[in-house]
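The values are calculated or read from the model by the stated rules, or taken from the named source; none is laboratory data. Because the structure is a prediction, the values reported are computed rather than measured. Here Cβ is always computed from backbone atoms with ideal geometry, including for glycine, and neighbour counts include all displayed protein chains.
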Amino acid sequence: MNQILITEKLYVTPELKRKKKIYKILFMISIFLVISLCSIYIYAEYDRNKDSGVSDEILSSFLSSDDTLVGEEQNALVVQLTQEVAENIEEYQETEEEPIEVAPSTATFTASNGKTYEYIGRVTIPKINVDYAILPQASDIKTIEALMKVSIIKFHGADPNEVGNLCLVGHNYRNSRFFSKVPDLEVGDIVEITDLSKRTIQYEVYDIHTVYPNNRDDTTQYTNGKREVTLITCTDDSEQRVIVKCREKV
């Protein structure tokens with residue numbers, strides 16, 4: 001007896017065709033979005049590395065510069081930020097008098113991108129392999145954001161190795177660049193600051209904590225006539241700021 005196999009042809013309804021078409025469109029959109037996001041990420045990484053690479057050029061300029069870059073005559077003009085001067089600086093905003101000038105010493109360098117940068121010193125943290133030039137303080141947010149892509153910048157306070165509180169800010173890129181590893185520091189670790197006269201002073205970490213972005217308490221210049229350094233960077237979620245307080249090691 002012959003067995004006849006009958007295959008039933010699947011009937012494709014208009015509704016099923018419509019769903020298949022929608023699925024295809026959604027799939028193509030998903031592929032497009034993934035490619036777009038990957039392209040944006042790759043470009044952002046390229047742009048970030050391009051800008052941060054300039055910091056290596058500036059540091060090389062600092063290391064190769066003449067040891068007598070800042071002479072005795074220039075050093076004599078640098079105002080030592082004593083407790084009295086610090087109080088006057090913070091109080092002048094309440095008066096109509098001109099602000100007290102603390103004359104910073106800066107050096108300039110023209111990078112391979114054609115831009116000229118000023119720098120005021122060098123920050124080194126041996127434990128976490130940090131070694132960058134310090135760029136001077138900027139007055140407007142756009143300049144600050146641009147300089148923070150290049151290197152560590154002075155955010156507020158005294159100049160390198162002067163009496164007062166030198167506040168340094170750097171991006172937490174979470175890729176070992178700039179201040180990414182600063183949150184790993186511990187009390188007792190050493191931060192070294194070198195000024196343009198090539199004088200290096202060691203600062204010891206004595207406090208680490210986090211604050212919200214609008215909290216500026218740690219930038220105070222009331223240091224009892226001592227030299228201090230404050231390192232500032234973002235937490236990994238960028239919601240708060242990591243503050244690392246250091247004072248001159250004696």
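Would it be correct to say that LEU135 is of a type outside the set (Val, Ile, Thr), modelled with pLDDT under 95 and touching a Leu at 6+ places or on another chain (Cβ under 6 Å)? So LEU135 fails the test. Would you mind stating whether SER176 is of a type outside the set (Lys, Arg) and either assigned to a helix (DSSP H, G or I) or buried (at least 18 other Cβ atoms within 10 Å of the Cβ) (or both)? The answer is no for SER176. Whenever a residue of segment 179-191 is without any contact (Cβ under 8 Å) to a residue 40 or more places away in the chain, its partners that are surrounded by fewer than 19 Cβ atoms within 10 Å (Cβ to Cβ), lying with C-beta atoms within less than 8 angstrom and at least six residues away or across chains, give the pairs GLU186/ILE208; VAL187/TYR206; VAL187/ASP207; VAL187/ILE208; GLY188/GLU204. Checked against (1) farther than 22 Å from GLN221 by Cβ; (2) surrounded by fewer than 22 Cβ atoms within 10 Å (Cβ to Cβ), GLN137 meets all criteria but (1).
Of all the residues that make up segment 160-173, how many are part of a loop (DSSP other than H, G, I, E, B), crowded, with 24+ Cβ neighbours inside 10 Å and over 8 Å from the mean Cα position of the chain (by Cα)? It would help to see each step written out before you state the result.
Filtering segment 160-173 down to residues part of a loop (DSSP other than H, G, I, E, B) leaves 160-163, 170-171, 173.
Restricting the remaining residues to those that are crowded, with 24+ Cβ neighbours inside 10 Å gives 160, 170.
Adding the requirement that they be over 8 Å from the mean Cα position of the chain (by Cα) leaves 160.
Residues meeting the conditions: 1.
Looking across segment 146-157, the residues that are modelled with pLDDT of 95 or more and aliphatic (A, V, I, L, M) come down to ILE152, ILE153. Please state which one of ILE208, ILE232 is touching a strand residue (DSSP E or B) at 6+ places or on another chain (Cβ under 7 Å), assigned to a strand (DSSP E or B) and farther than 24 Å from SER105 by Cα. Only one candidate passes the filter, namely ILE208. Any residue at all in segment 202-209 that's crowded, with 16+ Cβ neighbours inside 10 Å and modelled with pLDDT under 95? Taking every residue of segment 202-209 in turn, none turns out to be crowded, with 16+ Cβ neighbours inside 10 Å and modelled with pLDDT under 95. Here ASP184 meets the list (1) out of contact with any strand residue (DSSP E or B) (no Cβ under 8 Å at 6 or more places or on another chain); (2) at pLDDT 95 or above; (3) under 20 Å from ASP217 (Cα atoms) almost entirely, failing just condition (3).
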